[in-house]
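The values are calculated or read from the model by the stated rules, or taken from the named source; none is laboratory data. Everything quoted here is computed from the prediction, not taken from an experiment. Because the Cβ atoms are built from the backbone with ideal geometry, glycine has one as well, and the counts that use them run over all protein chains shown. The area values use the complete protein model at the heavy-atom level, side chains included, leaving out ligands, DNA and RNA. Shrake-Rupley method; radii C 1.70, N 1.55, O 1.52, S 1.80 Å.
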Amino acid sequence: MAEAFTRLFGHAPEGVWAGPGRVNLIGEHTDYNGGYVLPFAIGRGACAALARRRDRTVRLATMLAPDEVVRADLDAAGPGRAAGWAAYPLGVAWALGQAGGDVPGFDLLADSTVPVGAGLSS
């Protein structure tokens, strides 16, 4: 991931993080409503490489479509202003800013071995 990030963005990431995919045996969509869940990890997962920028620009890429880099301005981010998979990380950045966080621009490369559309989480 670090090598792919560097090739794509022209500089090294500050970090690379990974998380396991998961299945909820019980309690789908109740964990964030205070309900009980029983999740378990699976042998698939997601990975992200990220570096902060000195401006308010966000550049997003995924290994699932490595030739497509989505570029956005954090100052123009908000509900309904992004489409596709890029709406998820842009939405997180927007929400953190709305909650008072100091969110800089960033470059992000994401990858996943969790099958798209399989009903699994990562």
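Pairing the Cα long axis of helix 87-98 with the longest principal axis of the chain, what angle in degrees results, from 0 to 90 and rounded to the nearest 10?
Value to nearest ten degrees: 80.
HN-Hα J couplings of the range 7-19 from phi, Karplus 6.51/-1.76/1.60, θ = phi - 60°, integer Hz, Gly and Pro as x?
Listing the rounded values in order: 4, 6, 9, x, 7, 6, x, 6, x, 10, 10, 9, x Hz.
Roughly to the nearest percent, how much of the accessible area of the chain is carbon and sulfur, given a 1.4 Å probe?
Carbon plus sulfur share of accessible area: 56 percent.
Please work out how much length the chain gains when fully extended from H11 to V116, using 0.36 nm per residue of separation minus the C-alpha to C-alpha distance, in nm with one decimal.
Details: separation 105, 0.36 × 105 = 37.80 nm, distance 2.86 nm.
So the extension gain works out to 34.9 nm.
Could you check the spin-label model distance between M63 and M1? Points 7 Å from the Cα along Cα→Cβ, value in nm.
Reported label-point gap for M63 and M1 is 0.8 nm.
Taking every pair of alpha-carbon atoms in the chain, what share in percent sits in each 5 Å bin, from 0 to the bin with the longest distance?
2, 10, 18, 19, 20, 16, 10, 4, 1
Rolling a 1.4 Å sphere over the protein heavy atoms, what is the accessible area per residue of the chain, to the nearest Å²?
Details: 7830 Å² over 122 residues.
So the chain comes to 64 Å² accessible per residue, rounded to a whole number.
Work out the FRET efficiency for L38 and V92 from their Cβ-Cβ distance, taking R0 = 25 Å, and round it to the nearest 0.05. Mind showing how you got there, number by number?
Numbers: r = 26 Å, r/R0 = 1.02.
For L38 and V92, the calculated efficiency is 0.45.
What list of ³J(HN,Hα) values in whole Hz, one per residue of the range 63-80 in order, does the Karplus curve 6.51 cos²θ - 1.76 cosθ + 1.60 (θ = phi - 60°) give from phi, with Gly and Pro shown as x?
5, 6, 8, x, 8, 10, 10, 8, 10, 8, 9, 4, 5, 9, 6, x, x, x
Normalised by the number of residues in the chain, what is the relative contact order in percent for Cα pairs under 8 Å and 6+ residues apart?
On the way: 211 pairs, mean separation 36.9, N = 122.
Taking the mean separation of contacting Cα pairs over the length of the chain, I get 30 percent.
Output the peptides 62-69, 4-11 sorted from most to least packed, where packing is the average of other Cβ atoms within 10 Å over each peptide's residues.
Values: 62-69: 12.9, 4-11: 14.8.
Ranking, from highest mean packing down: 4-11, 62-69.
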